[in-house]
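Enquirer: So that we are looking at the same thing, I have put the structure below in structure tokens.
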Amino acid sequence: MIADGPVLPPPPDRAALLAAYALPDRDTRRVRMNFVASLDGAATLEGRSGGLGDASDRLAMQVLRTLADVVLVGAGTVRVEGYGGLAVGEEDAAWRVARGLPGQPRLAVVSSSLDLDPDSAFFTAAVTRPIVVTHAAAPAARRAALEQVADVIVAGEQAVDLRAMLDLLADRGLRQVLCEGGPHLFGALLEADLVDELCLSLSPMLVGGDAGRIVRGAPELECRMHLVHAIPAGDLVLLRYRRG
């Protein structure tokens, strides 16, 4: 009998992924990027990244969130993807507490214009008080409104200073940063030489169209990454790259 195709290994479980993505320490400040991309490099399908992933991608995302001190996103990603009520599950929360961590990671959004609705689910459904990162020249009225529902961090004078942002987050004990996008925030972090890891789910899809890449807005540069693991998860592959 001729097989129809290769026999794929079973998808990794939660314990295996916690071991695969384990941090060497929690004291060193670290920025991890978590993205999904198609085989032909698309970062979205029908305008959203969620359509490229599957159950294994979602499990990996939950594991990465479990390991993080703070989940960082750009304002555009909040509006497009929806981040209301972000939380790890009970088992993951218990895992964190058993290791001396708060039950839930914090959630932070970066916004220069502060074009964020204080009544949106990002704030009203939050399980921990959200963080808003902006700069000193951001609109004062919007800042005052958001201070009612979030901790506002000012990093930079006329634009958000990402390095200062990371310093200020670290001062709050938030050293393990998981950035989930979007591509422009990834580009800004890359341009500022602040990316330590890329955790990429390689989706078994060809998308075509004019979807953007996982990095946008950065000038051409060279940032060499080294493969830590490549874990088959059905037809999807979970890749982890690290600098240095």
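Enquirer: Run the dipole for the chain about the Cα centre, Lys and Arg Cβ at +1, Asp and Glu Cβ at -1, nothing else charged, and hand back the magnitude in debye, nearest 20.
Expert: Around 520 debye, computed over the chain.
Enquirer: Could I ask something else about it? Rounded, prolate or oblate: which fits the stretch 147-205 when a ≥ b ≥ c are the square roots of the eigenvalues of the alpha-carbon gyration tensor, with rounded for a/c under 1.5 and prolate only if a/b beats b/c?
Expert: Details: a/c = 1.90, a/b = 1.73, b/c = 1.10.
The shape class here is prolate.
Enquirer: Another question about this same structure. Which value, in debye to the nearest 20, describes the size of the charge dipole of the stretch 19-126 about its Cα centre when Lys and Arg Cβ atoms bear +1, Asp and Glu Cβ atoms bear -1, and nothing else is charged?
Expert: 380 debye
Enquirer: Calculate, for Ala145 and Arg29, the FRET efficiency according to 1/(1 + (r/R0)^6) with r their C-beta to C-beta distance and R0 35 Å; round to the nearest 0.05.
Expert: 0.70
Enquirer: By how many nm would the segment from Ala192 to Ala230 grow when fully extended, if each residue of separation counts as 0.36 nm and the alpha-carbon distance is taken off?
Expert: The span from Ala192 to Ala230 would gain 11.0 nm if fully extended.
Enquirer: Calculate for the chain the 222 nm mean residue ellipticity that helices alone would give, adding -39,500 (n - 2.57) per DSSP H run of length 4 or more and normalising by residue count, nearest 500 deg cm²/dmol.
Expert: Taken over the chain, the calculation gives -7500 deg cm²/dmol.
Enquirer: Oh, and also: By accessible area of protein heavy atoms, probe 1.4 Å, what ranking do His184, His226 get, highest first? List each step's numbers first, then the result.
Expert: Numbers: His184 120, His226 85 Å².
Solvent-accessible surface, decreasing: His184, His226.
Enquirer: Next question, about the same structure. Which value, in Å², gives the accessible area per residue of the chain when a 1.4 Å probe is used on the protein heavy atoms?
Expert: 49 Å²
Enquirer: Same structure, new question: Over the chain, what is the relative contact order in percent, taking alpha-carbon pairs closer than 8 angstrom and at least six residues apart?
Expert: Answer for the chain is 29 percent.
Enquirer: For the stretch 7-85, what does the alpha-carbon gyration tensor say about shape, rounded, prolate or oblate, given a ≥ b ≥ c as the root eigenvalues, a/c under 1.5 as rounded, and a/b over b/c as prolate?
Expert: Oblate shape, in that a/c is at least 1.5 and b/c is the bigger or equal ratio.
Enquirer: Express in nm, to one decimal, how much length is gained between Asp171 and Ala16 on full extension, taking 0.36 nm for each residue of separation and deducting their alpha carbon distance.
Expert: Extra length from Asp171 to Ala16 when fully extended: 52.7 nm.
Enquirer: Now for a separate question. By accessible area of protein heavy atoms, probe 1.4 Å, what ranking do Asp13, Asp151, Asp210 get, highest first? If you can, show how the numbers build up before the last one.
Expert: Values: Asp13 90, Asp151 40, Asp210 145 Å².
Correct descending sequence by accessible area is Asp210, Asp13, Asp151.
Enquirer: Carbon and sulfur atoms: what percent of the 1.4 Å accessible area of the stretch 92-215 do they account for? Could the numbers behind the result be given before it?
Expert: Details: 2790 of 5540 Å².
Carbon plus sulfur share of accessible area: 50 percent.
Enquirer: Another question about this same structure. Leu169: net charge of surrounding residues, Cβ under 10 Å, Lys/Arg +1, Asp/Glu -1, itself excluded?
Expert: Computed value for this residue: +1.
Enquirer: With loop defined by DSSP as not H, G, I, E or B, and exposure as at most 16 other Cβ atoms within 10 Å, which is the longest segment of the chain clear of exposed GluC sites (Glu not before Pro)?
Expert: It runs 47-146.
Enquirer: Calculate how steeply helix 55-67 sits against the longest principal axis of the alpha-carbon atoms of the chain, using the helix alpha-carbon long axis, and give the answer as 0 to 90 degrees to the nearest 10.
Expert: 40 degrees
Enquirer: Within the stretch 1-103, report the trypsin sites (Lys or Arg not before Pro) that DSSP leaves as loop and that have at most 12 other Cβ atoms within 10 Å. Write down the numbers at each step before the final one.
Expert: Working: sites: Arg14, Arg26, Arg29, Arg30, Arg32, Arg48, Arg58, Arg65, Arg79, Arg96, Arg99; in loops: Arg26, Arg29, Arg99.
Passing both the DSSP loop test and the Cβ count: Arg99.
The values are calculated or read from the model by the stated rules, or taken from the named source; none is laboratory data. Fair warning: this is a prediction, and the values are worked out from it, not measured in the lab. Using ideal geometry, Cβ is built from the backbone for each residue, glycine included, and neighbour counts are taken over all protein chains shown. To get the accessible areas, we keep the full protein, side chains included, count just its heavy atoms, and leave off ligands, DNA and RNA. Shrake-Rupley method; radii C 1.70, N 1.55, O 1.52, S 1.80 Å.
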